[in-house]
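Structure, as C-alpha coordinates:
The values are calculated or read from the model by the stated rules, or taken from the named source; none is laboratory data. Keep in mind it's a predicted model, so treat the numbers as computed, not measured. So basically every Cβ, Gly included, is an ideal-geometry build from the backbone, and we count neighbours across all protein chains shown. Quick note on the areas: whole protein, heavy atoms, side chains included, nothing else; ligands and nucleic acids left out. Shrake-Rupley method; radii C 1.70, N 1.55, O 1.52, S 1.80 Å.
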Amino acid sequence: MTSATSLITAASGAAAANEPSLHDRLLDEWGMAVVSGAVATGERLPEPNMDGDATPSRTVTREVTRVLESMGLVSVKRKAGATANPIEQWNILDPQVIQWRLRGPHRISALHELSQLRAAVEPAAARLAASHATAEHWATLTRAAIDMVAHSDHADEAEYLDADILFHRTLLEASGNLMFAALGDVIASTLTGRTHHELMPKVADQTALSWHTEVAALIRKGDGSAAETTMRQIVSESDQAISHIAGDQR
(Lines give C-alpha, C1' and ligand atoms only; values in the text may rest on other atoms or scores of the structure.)
Protein backbone atom coordinates (compact mmCIF):
# COMPACT_ATOMS: atom_id res chain seq x y z
CA MET A 1 0.00 0.00 0.00
CA THR A 2 1.45 3.40 -0.99
CA SER A 3 1.85 6.17 1.55
CA ALA A 4 -0.80 8.23 -0.26
CA THR A 5 -3.24 5.33 -0.12
CA SER A 6 -2.41 4.84 3.56
CA LEU A 7 -3.21 8.48 4.30
CA ILE A 8 -6.52 8.27 2.45
CA THR A 9 -7.44 5.08 4.29
CA ALA A 10 -6.48 6.60 7.63
CA ALA A 11 -8.47 9.75 6.91
CA SER A 12 -11.50 7.72 5.89
CA GLY A 13 -11.21 5.65 9.05
CA ALA A 14 -10.98 8.78 11.21
CA ALA A 15 -14.03 10.29 9.53
CA ALA A 16 -15.98 7.09 10.03
CA ALA A 17 -14.94 7.00 13.69
CA ASN A 18 -16.31 10.52 14.17
CA GLU A 19 -19.68 9.66 12.67
CA PRO A 20 -22.39 8.96 15.25
CA SER A 21 -23.49 5.36 15.55
CA LEU A 22 -27.02 4.21 14.76
CA HIS A 23 -27.58 4.05 18.51
CA ASP A 24 -26.56 7.69 19.02
CA ARG A 25 -28.51 8.88 15.99
CA LEU A 26 -31.67 7.10 17.10
CA LEU A 27 -31.25 8.37 20.66
CA ASP A 28 -30.97 11.92 19.36
CA GLU A 29 -33.93 11.47 16.99
CA TRP A 30 -36.29 10.03 19.58
CA GLY A 31 -35.08 12.17 22.46
CA MET A 32 -35.45 15.37 20.50
CA ALA A 33 -38.89 14.29 19.28
CA VAL A 34 -40.14 13.89 22.85
CA VAL A 35 -38.49 17.02 24.26
CA SER A 36 -39.61 19.23 21.35
CA GLY A 37 -43.19 17.99 21.60
CA ALA A 38 -43.17 16.36 18.17
CA VAL A 39 -44.23 13.23 20.05
CA ALA A 40 -46.97 14.32 22.45
CA THR A 41 -47.40 12.98 25.97
CA GLY A 42 -48.88 9.51 25.83
CA GLU A 43 -48.00 8.93 22.18
CA ARG A 44 -45.79 6.05 21.10
CA LEU A 45 -42.33 6.60 19.72
CA PRO A 46 -42.38 6.68 15.90
CA GLU A 47 -40.64 4.26 13.62
CA PRO A 48 -36.93 5.18 13.26
CA ASN A 49 -36.15 7.55 10.39
CA MET A 50 -32.52 7.12 9.43
CA ASP A 51 -32.70 9.08 6.19
CA GLY A 52 -32.55 5.98 4.04
CA ASP A 53 -29.75 4.31 6.02
CA ALA A 54 -29.97 0.89 7.58
CA THR A 55 -32.84 0.45 10.04
CA PRO A 56 -31.61 -0.03 13.63
CA SER A 57 -31.87 -3.57 14.92
CA ARG A 58 -34.24 -4.56 17.72
CA THR A 59 -31.25 -4.66 20.05
CA VAL A 60 -30.40 -1.03 19.25
CA THR A 61 -33.99 0.16 19.59
CA ARG A 62 -34.31 -1.62 22.94
CA GLU A 63 -31.06 -0.07 24.20
CA VAL A 64 -32.15 3.41 23.11
CA THR A 65 -35.55 2.95 24.70
CA ARG A 66 -33.89 1.97 27.98
CA VAL A 67 -31.74 5.10 27.91
CA LEU A 68 -34.78 7.30 27.29
CA GLU A 69 -36.62 5.48 30.08
CA SER A 70 -33.72 6.16 32.46
CA MET A 71 -34.02 9.86 31.57
CA GLY A 72 -37.72 9.78 32.39
CA LEU A 73 -38.68 10.72 28.84
CA VAL A 74 -40.68 7.57 28.14
CA SER A 75 -42.56 4.85 29.96
CA VAL A 76 -42.41 1.29 28.68
CA LYS A 77 -45.41 -0.95 29.20
CA ARG A 78 -46.02 -4.42 27.91
CA LYS A 79 -47.98 -4.41 24.65
CA ALA A 80 -48.23 -0.60 24.73
CA GLY A 81 -44.56 -0.07 23.89
CA ALA A 82 -42.70 3.16 24.75
CA THR A 83 -44.84 6.27 25.18
CA ALA A 84 -43.76 9.85 25.86
CA ASN A 85 -43.93 11.11 29.44
CA PRO A 86 -44.97 14.62 30.54
CA ILE A 87 -42.14 17.03 31.33
CA GLU A 88 -42.74 16.65 35.07
CA GLN A 89 -41.34 13.10 34.83
CA TRP A 90 -38.19 13.99 32.89
CA ASN A 91 -34.77 13.96 34.52
CA ILE A 92 -34.59 17.67 33.84
CA LEU A 93 -30.98 17.99 35.05
CA ASP A 94 -29.64 15.32 32.71
CA PRO A 95 -27.11 17.13 30.45
CA GLN A 96 -28.51 15.42 27.34
CA VAL A 97 -32.05 16.48 28.22
CA ILE A 98 -30.76 20.03 28.73
CA GLN A 99 -29.13 19.94 25.29
CA TRP A 100 -32.36 18.79 23.66
CA ARG A 101 -34.36 21.47 25.47
CA LEU A 102 -31.90 24.12 24.26
CA ARG A 103 -32.39 22.90 20.68
CA GLY A 104 -36.16 23.06 21.02
CA PRO A 105 -38.77 25.80 20.65
CA HIS A 106 -38.63 26.83 24.33
CA ARG A 107 -34.87 27.47 24.44
CA ILE A 108 -35.01 30.88 26.11
CA SER A 109 -37.42 29.70 28.78
CA ALA A 110 -35.14 26.74 29.54
CA LEU A 111 -32.10 29.03 29.78
CA HIS A 112 -33.91 31.33 32.21
CA GLU A 113 -34.81 28.32 34.36
CA LEU A 114 -31.17 27.27 34.35
CA SER A 115 -30.15 30.83 35.27
CA GLN A 116 -32.51 30.68 38.24
CA LEU A 117 -30.87 27.43 39.33
CA ARG A 118 -27.45 29.02 38.97
CA ALA A 119 -28.59 32.02 41.02
CA ALA A 120 -29.61 29.69 43.84
CA VAL A 121 -26.42 27.62 43.77
CA GLU A 122 -23.37 29.51 42.49
CA PRO A 123 -23.40 32.45 44.95
CA ALA A 124 -23.68 29.97 47.83
CA ALA A 125 -20.86 27.93 46.28
CA ALA A 126 -18.67 31.05 46.14
CA ARG A 127 -19.36 31.75 49.82
CA LEU A 128 -18.46 28.19 50.79
CA ALA A 129 -15.38 28.19 48.54
CA ALA A 130 -13.93 31.05 50.56
CA SER A 131 -13.63 28.57 53.44
CA HIS A 132 -12.99 25.30 51.61
CA ALA A 133 -11.00 26.07 48.44
CA THR A 134 -7.53 24.59 48.13
CA ALA A 135 -4.49 26.30 46.65
CA GLU A 136 -5.12 24.31 43.46
CA HIS A 137 -8.67 25.65 43.30
CA TRP A 138 -7.43 29.23 43.70
CA ALA A 139 -4.86 28.75 40.96
CA THR A 140 -7.38 27.20 38.56
CA LEU A 141 -9.99 29.90 39.17
CA THR A 142 -7.40 32.61 38.56
CA ARG A 143 -6.05 30.94 35.43
CA ALA A 144 -9.55 30.44 34.03
CA ALA A 145 -10.45 34.09 34.68
CA ILE A 146 -7.24 35.22 32.95
CA ASP A 147 -7.96 32.96 29.96
CA MET A 148 -11.47 34.45 29.71
CA VAL A 149 -9.90 37.91 29.50
CA ALA A 150 -7.39 36.68 26.93
CA HIS A 151 -10.18 35.39 24.67
CA SER A 152 -12.73 38.09 25.51
CA ASP A 153 -12.72 39.50 21.95
CA HIS A 154 -14.09 36.13 20.79
CA ALA A 155 -16.48 35.32 23.63
CA ASP A 156 -18.71 33.33 21.27
CA GLU A 157 -15.96 30.84 20.41
CA ALA A 158 -14.57 27.64 21.89
CA GLU A 159 -11.52 29.00 23.75
CA TYR A 160 -13.60 31.42 25.80
CA LEU A 161 -16.24 28.77 26.43
CA ASP A 162 -13.61 26.31 27.71
CA ALA A 163 -12.25 28.89 30.17
CA ASP A 164 -15.75 29.88 31.29
CA ILE A 165 -16.73 26.25 31.94
CA LEU A 166 -13.49 25.61 33.83
CA PHE A 167 -14.11 28.61 36.09
CA HIS A 168 -17.64 27.57 37.02
CA ARG A 169 -16.85 23.86 37.41
CA THR A 170 -13.97 24.71 39.70
CA LEU A 171 -16.10 27.10 41.73
CA LEU A 172 -18.65 24.34 42.41
CA GLU A 173 -15.91 21.86 43.33
CA ALA A 174 -14.17 24.40 45.56
CA SER A 175 -17.34 24.79 47.63
CA GLY A 176 -16.66 21.47 49.31
CA ASN A 177 -20.31 20.55 48.75
CA LEU A 178 -20.62 17.35 46.72
CA MET A 179 -24.18 18.23 45.70
CA PHE A 180 -23.00 21.51 44.21
CA ALA A 181 -20.03 19.85 42.50
CA ALA A 182 -22.40 17.32 40.90
CA LEU A 183 -24.07 20.20 39.04
CA GLY A 184 -20.91 20.87 37.03
CA ASP A 185 -22.28 19.15 33.92
CA VAL A 186 -25.52 21.12 34.22
CA ILE A 187 -23.66 24.44 34.27
CA ALA A 188 -21.39 23.29 31.44
CA SER A 189 -24.42 22.35 29.32
CA THR A 190 -25.94 25.76 29.99
CA LEU A 191 -22.83 27.66 28.96
CA THR A 192 -22.33 25.42 25.93
CA GLY A 193 -25.93 25.93 24.86
CA ARG A 194 -25.54 29.71 24.98
CA THR A 195 -22.53 29.50 22.69
CA HIS A 196 -23.88 26.93 20.25
CA HIS A 197 -27.18 28.79 19.85
CA GLU A 198 -25.52 32.18 19.31
CA LEU A 199 -26.65 33.68 22.61
CA MET A 200 -23.20 34.90 23.59
CA PRO A 201 -21.89 38.35 22.67
CA LYS A 202 -18.98 38.57 20.27
CA VAL A 203 -17.07 40.62 22.84
CA ALA A 204 -17.43 39.74 26.52
CA ASP A 205 -18.80 42.29 28.95
CA GLN A 206 -15.76 43.84 30.63
CA THR A 207 -17.51 44.33 33.95
CA ALA A 208 -18.53 40.68 34.06
CA LEU A 209 -14.95 39.67 33.29
CA SER A 210 -13.66 41.77 36.17
CA TRP A 211 -16.21 40.12 38.47
CA HIS A 212 -14.81 36.67 37.62
CA THR A 213 -11.31 37.84 38.54
CA GLU A 214 -12.67 39.45 41.69
CA VAL A 215 -14.46 36.26 42.77
CA ALA A 216 -11.21 34.31 42.47
CA ALA A 217 -9.40 36.95 44.55
CA LEU A 218 -12.14 37.11 47.19
CA ILE A 219 -12.15 33.34 47.57
CA ARG A 220 -8.36 33.42 48.00
CA LYS A 221 -8.81 36.17 50.60
CA GLY A 222 -11.45 34.17 52.45
CA ASP A 223 -14.17 36.82 52.07
CA GLY A 224 -17.20 34.60 51.59
CA SER A 225 -19.82 37.34 51.84
CA ALA A 226 -18.24 39.48 49.11
CA ALA A 227 -17.58 36.43 46.91
CA GLU A 228 -21.25 35.47 47.20
CA THR A 229 -22.43 38.98 46.28
CA THR A 230 -20.11 39.22 43.28
CA MET A 231 -21.05 35.76 42.04
CA ARG A 232 -24.71 36.75 42.17
CA GLN A 233 -23.89 39.72 39.94
CA ILE A 234 -22.20 37.40 37.42
CA VAL A 235 -25.23 35.11 37.16
CA SER A 236 -27.63 38.05 36.93
CA GLU A 237 -25.62 39.68 34.14
CA SER A 238 -25.59 36.38 32.22
CA ASP A 239 -29.37 36.02 32.41
CA GLN A 240 -29.91 39.63 31.34
CA ALA A 241 -27.53 39.16 28.42
CA ILE A 242 -29.50 36.12 27.23
CA SER A 243 -32.71 38.17 27.21
CA HIS A 244 -31.01 41.05 25.40
CA ILE A 245 -29.40 38.93 22.67
CA ALA A 246 -32.56 36.83 22.21
CA GLY A 247 -34.55 40.05 21.80
CA ASP A 248 -32.15 41.27 19.12
CA GLN A 249 -32.60 38.01 17.21
CA ARG A 250 -36.35 38.41 16.92
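May I ask you to verify whether L199 is open to solvent by less than 30 Å² (accessible area, probe 1.4 Å), in contact with a helix residue (DSSP H, G or I) (Cβ under 7 Å, 6 or more places away or on another chain) and modelled with pLDDT under 95? Outline the logic, then answer.
Values: open to solvent by less than 30 Å² (accessible area, probe 1.4 Å): yes; in contact with a helix residue (DSSP H, G or I) (Cβ under 7 Å, 6 or more places away or on another chain): yes; modelled with pLDDT under 95: yes.
Yes; evaluated as a whole, the condition is true for this residue.
Name the residues in segment 70-82 that are out of contact with any Leu (no Cβ under 6 Å at 6 or more places or on another chain) and either open to solvent by less than 30 Å² (accessible area, probe 1.4 Å) or not assigned by the TED database to the domain that holds A33 (or both), would you?
Our first condition is that a residue be out of contact with any Leu (no Cβ under 6 Å at 6 or more places or on another chain); within segment 70-82, this holds for 70-73, 75-81.
M71, G72, L73, G81 - these are the residues of segment 70-82 that are out of contact with any Leu (no Cβ under 6 Å at 6 or more places or on another chain) and either open to solvent by less than 30 Å² (accessible area, probe 1.4 Å) or not assigned by the TED database to the domain that holds A33 (or both).
Can you pull out the helices (runs of 4 or more DSSP H) entirely within segment 110-191 that have at least 2 residues that are within 15 Å of the chain's Cα centre (by Cα)? Don't jump to the end; show me each part of the working.
Details: elements: 135-150, 158-174, 178-181.
The qualifying helices (runs of 4 or more DSSP H) are 158-174.
Regarding L93, is this residue among the aliphatic types (A, V, I, L, M) and part of a loop (DSSP other than H, G, I, E, B)?
For L93, the condition - among the aliphatic types (A, V, I, L, M) and part of a loop (DSSP other than H, G, I, E, B) - is met.
Kindly list, by first and then second residue, each pair from a residue in segment 72-91 that is at positive phi to a residue that is surrounded by 14 or more Cβ atoms within 10 Å (Cβ to Cβ) and not hydrophobic (A, V, I, L, M, F, W, C), limited to pairs with Cβ atoms under 7 Å and residues at least 6 apart or on different chains.
Note: pairs meeting the criteria are G72/N85; G72/Q89.
Give me the residue from segment 117-165 that is of a type in the set (D, E) and in contact (Cβ under 8 Å) with a residue 40 or more places away in the chain and, out of that set, least open to solvent (accessible area, probe 1.4 Å). First the steps, then the outcome.
First pass over segment 117-165, keeping only residues of a type in the set (D, E): 122, 136, 147, 153, 156-157, 159, 162, 164.
In the following step, the residues that additionally are in contact (Cβ under 8 Å) with a residue 40 or more places away in the chain were identified as 122, 153, 156.
Values: E122: 0, D153: 96, D156: 56 Å².
Per the criteria, the residue is E122.
Is it the case that some residue within segment 56-69 is assigned by the TED database to the domain that holds T195 and not in a helix (DSSP H, G or I)?
No: segment 56-69 contains no residue that is assigned by the TED database to the domain that holds T195 and not in a helix (DSSP H, G or I).
Look through I219, I245 and report the one residue that is assigned by the TED database to the domain that holds L111, assigned to a helix (DSSP H, G or I) and without any contact (Cβ under 8 Å) to a residue 60 or more places away in the chain. Step through it out loud before you land on a result.
Details: I219 fails: without any contact (Cβ under 8 Å) to a residue 60 or more places away in the chain.
Answer to the check: I245.
How many of the residues making up segment 193-216 are touching a residue at least 60 places away in the same chain (Cβ under 8 Å) and in a helix (DSSP H, G or I)?
Step one: filter segment 193-216 for residues touching a residue at least 60 places away in the same chain (Cβ under 8 Å), giving 193-194, 196-197, 199, 209, 212-213, 215-216.
Those still in the list that are in a helix (DSSP H, G or I) too: 193-194, 196, 209, 212-213, 215-216.
Adding up the residues that qualify gives 8.
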